[in-house]
1. Looking only at the range 255-272, decide whether some residue is assigned to a helix (DSSP H, G or I) and in contact with a Cys (Cβ under 6 Å, 6 or more places away or on another chain).
2. Out of 424, 443, 377, I need the residue that is outside any helix (DSSP H, G or I) and more than 16 Å from the chain's Cα centre (by Cα). Which one?
3. Being closer than 21 Å to residue 273 by Cβ and in contact with a Lys or Arg (Cβ under 8 Å, 6 or more places away or on another chain), is that true of even one residue in the range 233-247?
4. Quick one: how many residues across the range 190-224 are in a loop (DSSP other than H, G, I, E, B), farther than 30 Å from residue 168 by Cα and small (Gly, Ala, Ser)?
5. Based on what the data block shows, is residue 181 at pLDDT 95 or above and either farther than 24 Å from residue 327 by Cα or surrounded by fewer than 18 Cβ atoms within 10 Å (Cβ to Cβ) (or both)?
6. Which is farther than 17 Å from residue 193 by Cα and either touching a Cys at 6+ places or on another chain (Cβ under 8 Å) or crowded, with 19+ Cβ neighbours inside 10 Å (or both), of 432, 416?
7. Kindly provide the set of residues from the range 61-72 that are buried (at least 17 other Cβ atoms within 10 Å of the Cβ) and part of a helix (DSSP H, G or I), ordered by number.
8. Inspect all residues belonging to the range 496-512 and state whether any of them is crowded, with 17+ Cβ neighbours inside 10 Å, touching a strand residue (DSSP E or B) at 6+ places or on another chain (Cβ under 6 Å) and at pLDDT below 95.
Amino acid sequence: MSTKQLPQLPLDCLIHILSQLSASRDAEGEFSIRTFANCSLTNSLFRQAATISRLWEPHYKVRYRQCNVENEEQRKDKLQENFWLMYGERRKLDRTALGYLDKIVADRVGRYEWAKELCRMDFDIWDVLDLEAEAMKGTLQYYSEEKPKPSITRYYWTRAILREITRCYAVRLWARIPEKEVSFVEGYSALSCFFGKLPDEMKTILDNLSTMARDFLLAAGCPLEPSHNKYDTKALCVKICDFLRESGFGPAEPLDFHDIHNQFPHCYLTSNRHTIPISLVHVFVAVARFVGIMASPVDFPVRVLAHVTEPADDKDDFYVDVFGSGQNAILSVREDIPRLLSRQGVAVNQMMDLISPCGPAPMLLRAGRNIMASLHSTQLSSADISHTSVILAFILHIQIGNRVDLIPQFISGCEPLDCATFVSEAMIPSHPEGLNYRNVLTSRVAELLEQEEKEASVIHYRSHEELSIQHFVGLPFRHRRYHYVGCIFGWDPVCAASEEWKREMDVNTLLRGENQPFYHCFCEDGSVRYVAEDNIQPVVNPANEIFDSFQAGVKTLPKYFTGIHLRKSDNSSKGRFFPSPELEKAYPEDDAIGRAWVEQIL
């Protein structure tokens, strides 16, 4: 029987059937969307059913959790809140974003202009990039022959763009602090945006914690309405401190005090709950304000405190020492505070500045100082978190403290991706044209990106060099003199370092001096070295642990490599990393050389 002879179902039946399609972010959800699309092509009745707005609403909301709020309002107005049409608009943006991502992965030339375009699309493309990252997530896999697809490289760049989008958000948020538009809790939570955390993520954790605290207070019989005759602000604050301790929050141990993870909300709200005073005050203020208490941070010497405003005019305001709340939570303004300040040698006429409630700016500047102190402590942290922390500390001092003098040092530590995205798109526009801040930052960024474009266009043909290039990108090696293990990700036919560097490293004491190939290399801990060919000793019979240690220690490894090429025979083995599209274009002959070297094992 042909489809023309099939009886037509009534419209309401079709609508009911389509309403049963699962709305999800996985393959089943995509199947539902394809079903809608196929139905819309069947005939006019099916199309009428498949384009009803309310059927698309759950699919829209489950896929698109994030958006640029202003753009979303414009979409709703323009499309009259028709979720079928809105879904179509967002999928168009998705396709555009993935197209830009393809270009970023494939080629270093022009990469940062495409990255800038993605950041301009803001949270409207967050969901598609997040889904793409989840699909590509993994580690570099082992292959004996076939060359892998650049999935892990695509994952690296997807996560990097997502991180830049949240960084743009944080910088723009902090730019609004002078207009009193940003609360302490919101502004301080944005520190985690520099690690790619969504602002909603921190807010959700704090809201959930605050809801639990409110239930805790109510269960303890504490009135939350100031008009209640038994309302007691001090008792409530003590109870909040009790709740936080019962929830795992508390003072950091002396040996852990300078742990860098104590500085960032996404860490101390989850795993590092024994933390430093400023972080505990951030949590306390969020909870206190949620239950109606006017709490604010105080930039107190040595230890950050919380100031609490008493709703009753006949009662003094007071302070809460969250860090020391296990012994004594409440500090009086008339006795405790003057005594503590006098111990620090603070004069009476200076006290008001140190005991007044403050907004996010002083706390963020204090966070910047704390971050640098943690990085200078003896406690070790990964190269990845250390680099991000340094960049963040500089931004806090430059953006909020107006430290123009720090801009050159800041830019020298920035990646081109940072300069093309949150620096160009958020930091620079946040200051009026003509200001020295903006001029210096614009000039430095332009220099760095111009240099990046020059380097990106260089293609290294080993066959064109007068000197023989013995090694190739992707080769694991052991340093002949210092014995550390490294991996090559670039080379120059002769030493291209500055004369000062050559003198410091005694390059001329090498057997072939500076007139030999030099290699750009990763170490297992993520540090980068520039190594003379004389000191490169290829690793033969490499254990899997060598490749695994690079994956653990070098967070940028997927930017340069797509997989591990490992061949084994009965008695020996050889291995290398497969180059990413970027390295293949920069060193077009190295992949074949590397493959031949590995396959010599057989």
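The values are calculated or read from the model by the stated rules, or taken from the named source; none is laboratory data. Remember, predicted model here, so these are calculated numbers, not experimental data. Reconstructed Cβ throughout: ideal geometry from the backbone, glycine too, with neighbour counts over all protein chains shown.
1. Taking the range 255-272 first, the residues assigned to a helix (DSSP H, G or I) are 255-256, 260-263, 265-268.
Adding the requirement that they be in contact with a Cys (Cβ under 6 Å, 6 or more places away or on another chain) leaves 261.
Checked against the condition, which is being assigned to a helix (DSSP H, G or I) and in contact with a Cys (Cβ under 6 Å, 6 or more places away or on another chain), the range 255-272 yields at least one hit.
2. Numbers: 424 fails: outside any helix (DSSP H, G or I); 443 fails: outside any helix (DSSP H, G or I).
Every option except 377 fails the conditions.
3. yes
4. So in the range 190-224, the residues in a loop (DSSP other than H, G, I, E, B) come out as 196-198, 220-224.
Subset that is farther than 30 Å from residue 168 by Cα: 220-224.
From the residues that got through so far, the ones that are small (Gly, Ala, Ser) too are 220-221.
Here the count works out to 2.
5. On the way: at pLDDT 95 or above: no; either farther than 24 Å from residue 327 by Cα or surrounded by fewer than 18 Cβ atoms within 10 Å (Cβ to Cβ) (or both): yes.
In short, no.
6. On the way: 432 fails: either touching a Cys at 6+ places or on another chain (Cβ under 8 Å) or crowded, with 19+ Cβ neighbours inside 10 Å (or both).
Exactly one of 432, 416 is farther than 17 Å from residue 193 by Cα and either touching a Cys at 6+ places or on another chain (Cβ under 8 Å) or crowded, with 19+ Cβ neighbours inside 10 Å (or both), namely 416.
7. Result: 63, single match.
8. Checked the range 496-512: at least one residue is crowded, with 17+ Cβ neighbours inside 10 Å, touching a strand residue (DSSP E or B) at 6+ places or on another chain (Cβ under 6 Å) and at pLDDT below 95.
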